[in-house]
Every structure is written in C-alpha cells, then in structure tokens.
1. Once amide H atoms are built 1.01 Å from N in the peptide plane, which residues 5 or more positions from Asp170, or in another chain, come under 5 Å H to H?
2. How many percent of the accessible area of the stretch 50-161 is carbon or sulfur, using a 1.4 Å probe?
3. Under the classification rounded if a/c is under 1.5, otherwise prolate if a/b is larger than b/c and oblate if not, where does the stretch 7-101 fall, given a ≥ b ≥ c as square roots of the Cα gyration tensor eigenvalues?
4. Can you give the local net charge around Trp93? Use residues other than it whose beta-carbon is closer than 15 angstrom to its beta-carbon, Lys and Arg +1, Asp and Glu -1.
5. Relative contact order of the stretch 16-159: what whole-number percent is it, with Cα pairs under 8 angstrom and at least 6 residues apart?
6. How long is the gain from Glu286 to Asp170 if the chain were fully straight, where each residue apart is worth 0.36 nm and the alpha carbon distance is subtracted?
7. What's the ranking of 225-233, 193-201 by average number of surrounding C-beta atoms within 10 Å, highest first?
8. Tell me the chymotrypsin sites (Phe, Trp or Tyr not before Pro) within the stretch 79-185 that lie in a loop according to DSSP and have at most 16 other beta-carbon atoms within 10 Å.
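The values are calculated or read from the model by the stated rules, or taken from the named source; none is laboratory data. Quick caveat: nothing in here was measured; it's all calculated off a predicted structure. Backbone-built Cβ (ideal geometry, glycine too); neighbour counts: all protein chains shown. All accessible areas refer to the heavy atoms of the entire protein, side chains included, with ligands and DNA or RNA removed. Shrake-Rupley method; radii C 1.70, N 1.55, O 1.52, S 1.80 Å.
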Amino acid sequence: MYYLCAMNTTNDSNSTQTLETIKASFYLLDFLICSVFTFLITQTVWSSTVLKNEVRYFFLCHHLVCLTLFFGLGTIFSYIRTFEVFAPVLVCWLLFAAQITFGKAAQLTLAIMALNTCIAVCWPLKYLTFVHSIKSKLILCLWIISLLDPVVSLFYEGIQKGPQEIVRLDPTCPTTLSSTLSRIAGVAFILLLAIIILASYIIMFREGKRAGHFTTSNCQARRTILIHGLQIALHMFPTLINISIGGTNKYIILHLTSFIIFSLAQCLSPVVYGLRCTELRQKFIERQHCCGLCNIYSAESYQMNTTSKTED
C-alpha cells in the first residue's frame, strides 16, 4: 500500500511539473507576442493626435499593457514552479496576487470597452462629453476592484496560515487561490463581467437593427460582433473552468486544455481589438512604412558618409 501511495504521489508530482513547464512556455510566448504588439500599437496611438484623443484607443492600450504584464508575471511564477525554486511563501503569494490583479484589470477593461462602444452607438450626441468626464474615475474604480480580491485573499491566507508558514521556503510555490472563498469570488467576478459584456452587445445589436445598420449588405458589423463575442468567450470560459477546478491534479487535462485555448486566444487580442479597426490599421501601416524608409535613408546616409571619408 505504501508503494502504491508513493507511486501516486510521484505521478502527481510529474504531472504538475509537466503542466507548469507547458504553462511557462505558453506564458513566455504570449508575453513576447503581446509585448511586441503592445509597443507598436501604443506608439502608433500616442504618435497620432487623432487616435490619442479617442477613448476607445486609450482603453485598448490599457488592456494590452495589463495583458502583457499578466503574461510576464505568469512566466516568472510558472518558471519558479518549474525549476522548484525554494522561494518564501509570501513572495509566491505577492507574485500571484500581482498577476491576478493585472488579469482582472485586463478583463475589466474588456467590459469597459464593450460599455464604451454601447454608449457611442446608443447615445452618440452625449458620448464625448460623458465618457471624457468619467474616464479617469473609471480607471481608478477599475484598479480598486482589481486589487480588492487579491489583497483580501492575501490577508485571509496570511491570517489562516500564520507568520511561520508565510516565511517558510516552499518549492511548490503555493497560491492564494487554494481557498474555496477565493474561487467563489473569482467565479462571481467572471460571471458579472460576462453579464455586463453580453448586455452591452445585446443593446448595441438592438439599436443597430432599429437604426438600420444591420442590413443584409452590412456584413462587417455582424462579423465584428461575432468575432468579439468569440474572443471574449475564449477569454472568459477557460478562466472560469480553471478557477472552478482549482489546483487539483484530478482534472489536469481539462486544466491544460482550457489554459492552452485561453493562451492562444489572447495572442490575437491586439489584432481582434486593435488592428481590425481600419483607422488604427492605416496609421499602424503608415508608421511602420515611415520607420522603414527612415532606416533605409539613415543606412544610405551612413554609407555615403563612410565612402566620402574613405575617398578623402
């Protein structure tokens, strides 16, 4: 019996190690892709006065920055688990809490982006005045909500475990998501955001249909809603599954599958929410074209100067 228990423990340990290795690789890939697109899109938006004054692109840049930091912290956390680094439990908790905060901020920004589009479609005359007046307050509320659950979970786990457990070196690098209360709060948060986003798209669809925008010839509007809905579903549902099952090894295949779907879907976020916009895509292409011409011109100038100095 002892031998069988030891084999089960070894198998569970190997499965967890494999899972963390795969997660670390996907996190790193997502971080690299999101970092490149976030830098290019943010530079494009802030270099254009027209784009910079539009609230939707401000929220887009905020979403991409939060997503990049989420994947960056996830990479560090997963590699700590992969290499079984003996880190203090408190460090693991703080790192995980920071990752969850940026993840919540990215998801909240998605809901705000949907609400922003809904207001622009349904109340176009009052849109600019209303949105610009509450933009800063909205971002402040977003970060307060994002920090609330991780901070409460952190204090709850600290009180439950005690000071000695907090400073203990643990190669498994535990998280604050192990408690039932944290998982219930996470599921409730995801469901609330899903309701807000779904309600926004339903209101937009009804208003667009009433105004005659969703005609048989206007396929682009319907396609945009469909693509955004699919992307949001791939963002929300895998997260919901992973929070629900927690860290148990019993559903490791389900956990890995949902994580891979979530990971691959988020690589498309810069394209789905950013580069599908004609205005941003044109500015993006123009900027890259100008940068390419500047590089060519600089190289030619350098070559000409070098040649002239050689002849002298």
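1. So Asp170 has HN proximity to Ala87, Val89.
2. On the way: 4120 of 5390 Å².
Carbon and sulfur atoms account for 76 percent of the accessible area of the stretch 50-161.
3. prolate
4. Values: positive: Arg81, Lys161, Arg168; negative: Asp149, Glu157, Glu165, Asp170.
Combined, the nearby Lys, Arg, Asp and Glu give -1.
5. Working: 110 pairs, mean separation 40.5, N = 144.
Relative contact order here is 28 percent.
6. Details: separation 116, 0.36 × 116 = 41.76 nm, distance 5.09 nm.
In short, 36.7 nm is gained.
7. Values: 225-233: 15.8, 193-201: 17.6.
Ranking the peptides 225-233, 193-201 by packing returns 193-201, 225-233.
8. Values: sites: Tyr79, Phe83, Phe86, Trp93, Phe96, Phe102, Tyr127, Phe130, Trp143, Phe155, Tyr156; in loops: Phe83, Phe86.
Answer by residue number: Phe83, Phe86.
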